[in-house]
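Asks: The structure follows.
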Amino acid sequence: FLRFRSFKLSYYNEYKSYLSNIMSSMEEVGQSLRDGLGTLGSLTVKGFDRAKQFSQEKMGNAVKTEYDQDYTLLSSRVDSTRVWINSTTNAARNFLQPNVGARLEDMFTEKVTAAESSQNQTIKDIAAIIPIRKGSTVDKRASYAEILGNTMKQGGMEIGDSTDVGRNLVEVGATFERIGILEKEYLGDVFGKFFKPFSTHLQVEWGNINTEKRRLELARLDLDAAKSKVKGARTPELMQQYEQKVRESQAAFDRQFEQTKILLTDADRKSADFKQYLEEFIRSTMVFHNQAHKMLEEAYEQMKK
């Protein structure tokens, strides 16, 4: 077992040495590209430098600049808020509309409606040619309460209102039809005061945050790659050149860090607004159920007479 372990360590060390030699050779090629191709070579090598730094970090062979604890906690909290708000809205959709097909239809209509007001002209043009019904699909689709009420009324009229069963079916059916209309108003209220604000945050603000975080990570890779080259400089001229690159990369990283932190701080502050949206969701649900309960009570009292 010890001989086998010694063999594995020896093989691993040889592998690391082999990769190190390859990286060194590729770095010399990159320098030649910089000297010979100018701006195009710099852009090409910049991407290679990032890939090299990223690979070495994964292998544990490079020093990585760590973000401060306040930023890390802030970023983690905002990401967690985004994930759970998205999960909450999806669960709320399932609660309000159990039918998967109807749910997808509503979501598609929302996307197209949002695209029609997009600042991107191409997206607006595509949305304009989609043959979709204008307005909310909730307003045009019969609710389950309406279907139940309509079925009861048809059955009551078929049986005849001269019998207790027929008369009661017609009366109760009319009650459920009114509850169905009330349900549509409830869903429209919930969409405007609960789903729409959440959707705006998910699609716009958090989209911008993700973009800035990706830019920050690229700036961090550029900075660490520049620092690594300073350690490997072989001549005073290269040392001076790499140190200048470190200063430029550090300034770019600091600017991007502050920009990203401002967006995260603003998003974290706005997360308190979600409490208001939840309150509106609860209020709308309470109003709907209270009014539906009152309608059913009246129908029940009428049947008991």
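The values are calculated or read from the model by the stated rules, or taken from the named source; none is laboratory data. Fair warning: this is a prediction, and the values are worked out from it, not measured in the lab. Because the Cβ atoms are built from the backbone with ideal geometry, glycine has one as well, and the counts that use them run over all protein chains shown. Just so you know, the surface numbers come from the protein's heavy atoms only, side chains and all, with ligands and any DNA or RNA stripped out. Shrake-Rupley method; radii C 1.70, N 1.55, O 1.52, S 1.80 Å.
Asks: For the stretch 227-254, name all the residues that are under 17 Å from A51 (Cα atoms) and under 33 Å from the mean Cα position of the chain (by Cα).
Replies: S249
Asks: In addition: Determine which single condition G155 fails, assuming it passes every other condition in (1) over 27 Å from T285 (Cα atoms); (2) surrounded by 16 or more Cβ atoms within 10 Å (Cβ to Cβ).
Replies: The failed condition is (2).
Asks: Could I ask something else about it? State all residues of the stretch 250-290 that are farther than 19 Å from I85 by Cα and open to solvent by 80 Å² or more (accessible area, probe 1.4 Å); if no residue qualifies, say none.
Replies: Answer for the stretch 250-290, where residues must be farther than 19 Å from I85 by Cα and open to solvent by 80 Å² or more (accessible area, probe 1.4 Å): R255, E258, Q259, I262, M286, H289, N290.
Asks: Quick one: which residue in G207, G166, G156 is among the small types (G, A, S), in contact (Cβ under 8 Å) with a residue 12 or more places away in the chain and on the phi < 0 side of the Ramachandran plot?
Replies: G156
Asks: Test R167 against the stated conditions and say whether it is part of a helix (DSSP H, G or I) and either farther than 26 Å from V287 by Cβ or modelled with pLDDT of 75 or more (or both).
Replies: Yes.
Asks: For the stretch 215-249, which positions are basic (K, R) and farther than 22 Å from N61 by Cα?
Replies: R215, R247
Asks: Across the stretch 49-97, which residue is most open to solvent (accessible area, probe 1.4 Å) among those that are of a type in the set (D, E) and in a helix (DSSP H, G or I)? Let's see the steps before the verdict.
Replies: Residues of the stretch 49-97 that are of a type in the set (D, E), as a first pass: 49, 57, 66, 68, 70, 79.
Still in the list and also in a helix (DSSP H, G or I): 49, 57, 70, 79.
Working: D49: 21, E57: 36, D70: 109, D79: 46 Å².
Across the stretch 49-97, the extreme among qualifying residues is D70.
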